[in-house]
Amino acid sequence: MASLVPCPNCGRRPKEEFTIKGAALSRPAPGADAADWFNYVYLRDNPRGTYEEYWHHTSGCRRWLVLTRHTLTHEVAACRDAADGSQLEGGA
Amino acid sequence: MSSYRLPKRGLVDHNAPLSFTFDDRSMQGLEGDTLASALLANGQMLVGRSFKYHRPRGILTAGAAEPNALVTVGRRGRTEPNTRATVQELYEGLEAQSQNRWPSLNFDVGALNGLMSPFLGAGFYYKTFMWPAPLWEKLYEPFIRRAAGLGKASYEADPDAYEKSWAHCDLLVIGGGPTGLAAALTAGRAGARVILVDEGSLPGGSLLFDTATIDGRAAADFARDTSAELQSMANVRVMTRTTAFGWYDGNVFGAVERVQKHVRDPASHLPVERLWRIVARQALLATGAEERPLVFGGNDRPGVMMASAMRTYLNRYGVAPGKATAIFTTNDSGYGLARDLEAAGVDVVAIIDSRPAAGVEYRGKARLIREAVVCGTKGRKAISAIEVHRDGRTETIAVDALAMAGGFSPIVHLACHRGGKPIWSAEKAAFLAPEGLKGLGLAGAAAATTELAACLGEGAAQAKAIVKELGLSCPPVALPKVEGDEGIDSSKPLWSIPGVKGKAFVDFQNDVHLKDIGLAVREGYSHVELAKRYTTSGMATDQGKLSNVNAIGLIAKARGVSPAEVGTTTFRPFYTPVSFGALTGPHTGHHFQPVRKSPLHDWAKKHGAVFVETGLWYRSSWFPRSGERTWRESVDREVLNVRKNAGLCDVSMLGKIEISGSDAAEFLNRVYCNAFLKLAVGKARYGLMLREDGMIYDDGTTSRLEENRFFMTTTTAYAAGVMNHLEFCAQALWPELDVRLASITDQWAQMAIAGPKARIILQKIVDEDISDAAFPFLAAKEVSLFGGALHGYLFRISFSGELAYELAVPAGYGESVADALMEAGTAHGVMPYGLETLGVLRIEKGHVTHNEINGTVVPADLGFGKMVSATKPDFIGKAMLQREGLAAPDRPQLVGVVPLDPRQSFRTGSHILAKGAAATLENDEGYVTSSAYSPHIGSTIALALVKHGPSRHGEEVVVWSGLHGESTAARLCNPVFFDPQNERLHV
Ligand SMILES: [Zn+2]
């Protein structure tokens, strides 16, 4: 029905404006082991607790954000711009 | 006897009669009535038949929890089934029909189900319908559907409008009873932005039937005055007829406002319902409490009613329940009702109190029977007597109405919508809201506070605390003085009643009775979640508002444990049913989804295009001419004409992205698997974008217009996805690169002009020299048009294999430019062509689309292996593309297929089998990805992904479709069917 995402650029906005990509993992270096690449592409943690995810503010500022979301309560502890790390003033 | 209206009583307007019909019978009600109170005023106690046993049912409650009095209101497109008569406001001309009866409410054939009742007990769905399975579709399901006694929806379109809205506030108060009013007033006076929602037509809740006085005013007057003050404040919004139905993440509440459900002819400029999402910094749940029924035999007979409901009908609506009323109570609230009835001149025959002593003194005329219970009732379509059980003896007392006062359960639903479970309080004998909620507090009866003064105090105190937390100062609020409130002691609940006779209902709406609960526990389904499903208790449209706590109490009793140990099932939104209309809002008909039209849409239309929906786009499919009888005739003509003369095709819906910045080339080099770093200015290149797992994601051409400015095209379907992907790469993966992306799909009209005459035609409007020498294959640049009147981009790229160009011009000029090209081409035989022809031309050339790029192919599978850069240090997909399996020789790879007999055909999706092989999964060698009729080849031609395909050209195979029962002899071949040397391209 609803929930709000604290976009650092647009403020608290309804989640329908966003696209979720999934775990915010760092991309391995080009020459990394096959195992590292396999982990990056296929393996995901499934924690009950906080999880960092890439969210795209598709119908807003079109910035990719890193959300720290609690998988049980959906509480958003932090939300920063993926490129420059800026956060919404006044916090999440 | 039956219920009737008392003169000059209640908040209804006795001078404003309203006519309405019930089962086509004319009746009269009053302004201020609900449908239920009006029915009772007309003596209509039988209002429906029950779900499973088709038992006669009456009106049980006066509010949202009503399980029995469900009717169908309205007609045709405005038909609303399962409307609770207890919340439907009466209006002039209202038409209501009873449900679940045939042929009539009074004589219902389905009541025979009552005789079958031994077979309809708990778990009957599981036991009866297990076997034999084939009977499910033929017998059981139709039976269940017919027996499932709820109203029927109309097949006509709803003529009314619905709306969706957002609201924001500091404090959202849910419930406009004494607690909520006090809270809203306190916060409102402090200057906070307050929204008060109440499901009723008038704020006040229990104050509307309470006989206490507040500061010397009648409770209802206090409610009216407080609500008037609230409505006069600019910072307060009072929303009546609004049900908050859910609590969601971020402290957002869902609510539905019934804007025009209380009028016969809704005004067309207003919605009938409005769906609200309310963002609240803090919220207060002041939803009150639900009175619990008592589980005795025949507790469902019309005339049996909740005590608080009876009091509501008496005091708010001026309706007496009958001439001889009995009250069965387990707490002091029953005495307040007795006093009010007697004061109104309604005889109370007996008060049956389950306790040895009451907390209040009773001075009325009724016979007081202590330490007794009602164990059964008599009567056919209405109650005529009760059976009172005391000291092992049973006495029959004639009555025509019975109130049951089983104590109160706080309404904590919304507080449990975000995962919390209610907690049993032994002290309050009630399930309370979970602890430690953030952003939501509870006060008043919702928090098991029972006295009126305490509710007013609690509402004010909580509002004050919230206001302070918001940083506002709160003026001192004097608490009003309450007199005449008898209060309700938190009595020990009476779960099971000794000597029960007949069916004692726990869940009225789903016809679950006492024995069902016992059976479920005995058969091992004593876990509350299992018992719920096994008995279906709490699974009807009322979601067990009246029944759940009783069911839990009975399970606890049967198991010999505390209700705390049994726990509750999960509370989920919505609190009450929400119409599909409200959820859909305005998104119906052509507003269901947006329509994307190309800037050349009107150009295509005037040339007679047949459009096809692809995603949101309307694309021109083909352009029929007079005399052509089938679409194939048109397409064949268009295909032949492109290769003979020239054709013009709208390709505006291709995704277009401008990429700029000093690292733009480096960026493209990383997102494409082939090299882009050294692409020369003024050149276009075909690019393949991979996913990180090595599979192809999308393809298209990208042109370097300037050193640091590129023009990318994507496929139509993946335009939005590619843009998101590129933004991800630029922002999340390589933020250090200086690159900017802009979607320019809608800014440019783009047209392909293809065919041997393309250059002659195009040169007529392009100012620059576009000869092969000056503008060779894969040239790309900004061009001047019409003698400098317009500028556009010209690309020499070809999807058809012909001499071809794509011209992009600012969207608004698209149609004029297309017109000019058509005019310029008239003498050269130019014709418009559509998506079908585009498809034939590209299959003839073996060019791939997303039919082939289906998420399972790597570049080598499509013959693009050599395009993949071996020298680039990194690109998306590089690492995973190295995997052994992706280079396996038996991967399905691109190949052409033609039928041996050109008169035969086969379809896309068919499978390829070796000649003579049986059609088994093991023998599957691949599948047809694209097929079309080629007028140049004179037969069906197809592209396919086939194991070892490229080394099998010339081999005879079978194209097999199990779905259609087709088997066609065919030959694998080169996927380029036409001009394999590309001689027509470089002219
Ligand atoms: Zn944003």
Going 7 Å from the Cα of B:R281 along its beta-carbon direction, which residues of the range B:454-479 have the amide nitrogen within less than 18 Å of the resulting point? B:461-475
So if each residue of separation counts as 0.36 nm, and I subtract the Cα-Cα distance between B:H936 and B:L583, what length gain in nm does that give? 121.8 nm
What is the calculated FRET efficiency for B:E966 to B:A888, with r their C-beta to C-beta distance and R₀ = 41 Å, to the nearest 0.05? 0.85
Given the DSSP H assignment, sum -39500 (n - 2.57) over each helix run of at least 4 residues in chain A and divide by its residue total; what's the result at 222 nm in deg cm²/dmol, nearest 500? -3000 deg cm²/dmol
Distance violations [Cα-Cα > 27 Å] among B:K683/B:K757; B:K683/B:K872; A:K15/B:K164; B:K261/B:K464; B:K381/B:K532: B:K261/B:K464; B:K381/B:K532
Spin-label proximity, B:K381 to the range B:51-90 - amide N less than 13 Å from point 7 Å beyond Cα toward beta carbon: B:56-58
Scalar couplings 3J(HN,Hα) for the range B:406-411 by Karplus 6.51 cos²θ - 1.76 cosθ + 1.60 (θ = phi - 60°), nearest whole Hz, x for Gly and Pro, are x, x, 10, 10, x, 8
Helix axis angle, B:219-232 relative to chain B longest principal axis, alpha carbon, degrees: 30 degrees
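How about the range B:736-788: which GluC sites (Glu not before Pro) there lie in a loop by DSSP and see at most 16 other Cβ atoms within 10 Å?
B:E736, B:E768
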Choose one of B:Y793, B:V868, A:S26: the residue whose Cα lies farthest towards the positive end of the charge dipole of the protein assembly as shown (beta-carbon charges +1 Lys, Arg; -1 Asp, Glu; about the Cα centre). A:S26
The residues B:S626, B:S268, B:S660, sorted from fewest to most surrounding Cβ atoms within 10 Å, come out as B:S626, B:S268, B:S660
Would you mind estimating how fast the range B:845-987 diffuses translationally, via Stokes-Einstein at 4 °C and 1.567 mPa s with the Kirkwood radius over Cα pairs, in µm²/s? 81 µm²/s
Tell me the angle of helix B:548-559 to the major Cα principal axis of chain B, expressed in degrees between 0 and 90 and rounded to the nearest ten. 70 degrees
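Kirkwood hydrodynamic radius of chain B from all distinct Cα pairs, in Å?
34.0 Å
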According to a simple spin-label model (label point 7 Å from Cα along Cα-to-Cβ), what is the distance in nm between B:E427 and B:A717? 6.4 nm
Any idea which of B:G829, B:S26, A:G49 is furthest toward the positive side of the dipole for the protein assembly as shown, if Lys and Arg beta-carbons carry +1 and Asp and Glu beta-carbons -1? B:S26
Give me the inter-chain shielding for B:731-739: mean count of other chain Cβ atoms within 10 Å, whole number please. 4
R0 = 45 Å: FRET efficiency of B:E823 with B:H948, Cβ-based, nearest 0.05? 0.30
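Give the order of B:V12, B:V349 when sorted by the count of other beta carbons within 10 angstrom, beginning with the fewest.
B:V349, B:V12
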All other residues with a Cβ under 10 Å from the Cβ of B:A879 taken together, and with Lys, Arg as +1 and Asp, Glu as -1, what is their net charge? -2
By what distance, in whole Å, do the Cα atoms of the range B:646-742 stretch along each of the three principal axes, largest value first? 46, 30, 22
Any idea what Rg and Dmax come out to for the range B:424-576 if you just take the C-alpha atoms, in Å? 19.3, 60
Using 1/(1 + (r/R0)^6) with R0 = 45 angstrom and r between the beta carbons of A:N39 and B:E529, what's the FRET efficiency to the nearest 0.05? 0.75
Please give me the summed charge of the neighbours of B:F711: other residues whose Cβ is under 9 Å from its Cβ, Lys and Arg +1, Asp and Glu -1. +2
Footprinting proxy, B:S333, B:S905: sorted fewest to most Cβ within 10 Å, the residues are B:S905, B:S333
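Of the trypsin sites (Lys or Arg not before Pro) in the range B:434-492, which ones lie in a loop per DSSP and count no more than 12 other C-beta atoms within 10 Å?
Qualifying residues, ordered by number: B:K438, B:K481.
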Where Rh is the Kirkwood radius over the Cα pairs of the protein assembly as shown, the temperature 10 °C and the viscosity 1.306 mPa s, what D in µm²/s does Stokes-Einstein return? 46 µm²/s
Quote to one decimal, in nm, the extra length available between B:A564 and B:V681 on full extension: 0.36 nm per residue of separation minus the C-alpha distance between them. 34.6 nm
Which residues does the label zone of B:L437 cover in the range B:276-316, counting backbone N under 11 Å from a point 7 Å along Cα→Cβ? B:283-288
What's the angle, to the nearest 10 degrees (0 to 90), between helix B:333-343's Cα axis and the longest principal axis of chain B? 70 degrees
Computed over the range A:4-81, the convex hull of the Cα set has an average projected area, in nm², of 5.5 nm²
Simple SL model, points at 7 angstrom along Cα→Cβ for B:Y4 and B:D874; separation in nm is 9.0 nm
What chymotrypsin sites (Phe, Trp or Tyr not before Pro) does the range B:149-218 have in DSSP loop regions with at most 12 other beta carbons within 10 Å? B:Y155
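Read-outs throughout are calculated quantities, based only on the coordinates presented, and are distinct from any laboratory measurement. It should be emphasised that the depicted structure is a prediction, and the values quoted were computed from it without experimental measurement. Every residue, glycine as well, gets a Cβ built from its backbone with ideal geometry; the counts of neighbours run over all protein chains shown.
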